[in-house]
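What follows is a short report on a single structure.
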Ligand code: NAD
């Protein structure tokens with residue numbers, strides 16, 4: 001292979017080389033999958049999320065070794081605006097820039113509206129919606145200065161349609177789809193894009209936590225919950241994968257996606273086509 005072709009092959013394999021990405025809630029599930037995909041594409045990564053310090057240190061070391069990129073970690077709590085501002089400030093100080101911001105941290109609680117615990121409502125609105133306001137607010141000035149930014153908000157099919165008993169989650173996810181559009185409009189001429197990804201069900205600890213509760217509530221087996229309750233919504237009848245979401249995030253973070261902004265992209269096997 002001549003040098004030019006070799007260089008092209010390397011840049012195609014690592015389209016995000018030189019970029020710096022921060023993924024909130026990336027110690028588990030979708031966020032971790034997205035962080036891995038960004039690192040594999042050549043981006044330095046800032047991890048964030050809850051978990052055991054030793055396990056997080058292991059993940060961080062493994063990612064740095066596997067992909068040959070810098071990987072740092074922030075333990076900022078997404079319910080605390082000042083901790084979020086500190087996380088962005090530290091990321092900029094440690095890495096010199098912030099190109100890709102993925103707002104992914106999220107929690108779930110399921111209950112009828114009139115029995116919905118007020119503290120769960122507040123926590124879901126704060127982690128699933130307000131944290132993205134705070135990260136974007138802190139990150140945008142540096143992105144504007146660089147005339148480059150990619151903001152990817154992990155919403156949900158529940159950002160586009162509702163299900164019963166998920167009042168706070170559906171409200172927060174519809175909210176983040178709206179917030180995505182506002183940021184896209186405010187940044188459209190500045191080399192910055194802002195999009196939402198709307199996954200259907202993905203098998204992660206967040207979904208695993210719903211299976212036993214639903215089995216008990218409906219008096220059915222775990223397998224029946226998966227196929228007849230959760231995936232009943234999803235016409236392709238399978239979970240979306242963290243790898244599929246990682247690949248879409250890498251695409252949205254790249255140069256080819258420069259004209260895609262303000263969208264809410266379903267990755268839901270046809271759920272929201274109903
Ligand atoms: P998960 O439980 O595996 O991961 C959630 C992440 O958020 C973890 O890293 C956790 O530590 C972090 N987090 C939670 N509270 C936090 C806090 N206060 N501060 C900092 N980090 C915090 O869940 P997941 O399924 O990977 O969900 C990730 C995102 O994807 C969420 O926004 C969720 O709503 C969304 N989503 C998930 C599915 C699905 O089926 N799993 C579908 C659609 C959308």
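Before moving on, here are some points about what is shown:
- Residues located in region 231-256, provided they are at pLDDT below 95 and touching a helix residue (DSSP H, G or I) at 6+ places or on another chain (Cβ under 7 Å): 233
- Filtering region 146-158 to residues that are part of a loop (DSSP other than H, G, I, E, B) and touching a helix residue (DSSP H, G or I) at 6+ places or on another chain (Cβ under 7 Å) leaves 155, 156.
- Filter result (touching a strand residue (DSSP E or B) at 6+ places or on another chain (Cβ under 7 Å) and surrounded by fewer than 17 Cβ atoms within 10 Å (Cβ to Cβ)) within region 163-190: 165
- The sole residue among 250, 242 that is more than 12 Å from the ligand (Cβ to nearest atom), under 20 Å from the mean Cα position of the chain (by Cα), buried (at least 19 other Cβ atoms within 10 Å of the Cβ) and under 22 Å from residue 16 (Cβ atoms) is 250.
- When restricted to residues that are within 24 Å of residue 126 (Cα to Cα) and crowded, with 24+ Cβ neighbours inside 10 Å, region 24-46 contains 9.
- Of all residues in region 161-174, none that is not assigned by TED's automatic domain parsing to the domain that holds residue 196 and more than 14 Å from the ligand (Cβ to nearest atom) has its Cβ atom under 7 Å from the Cβ atom of a residue that is part of a helix (DSSP H, G or I) and modelled with pLDDT under 95, 6 or more apart or on another chain.
- Any hit, region 128-145, residues being crowded, with 17+ Cβ neighbours inside 10 Å, near the ligand (Cβ under 9 Å from one of its atoms) and part of a loop (DSSP other than H, G, I, E, B): no
- Residues located in region 107-127, provided they are within 16 Å of the ligand (Cβ to nearest atom) and assigned to a helix (DSSP H, G or I): 119, 120, 121, 122, 123, 124, 125, 126, 127
- Subset of region 186-221 (residues that are in a loop (DSSP other than H, G, I, E, B) and near the ligand (Cβ under 8 Å from one of its atoms)): 200, 201, 203, 204
The values are calculated or read from the model by the stated rules, or taken from the named source; none is laboratory data. In this text, all values refer to a predicted model and were calculated from it rather than measured experimentally. We place every Cβ from the backbone using ideal geometry, glycine too, and count neighbours over all the protein chains shown.
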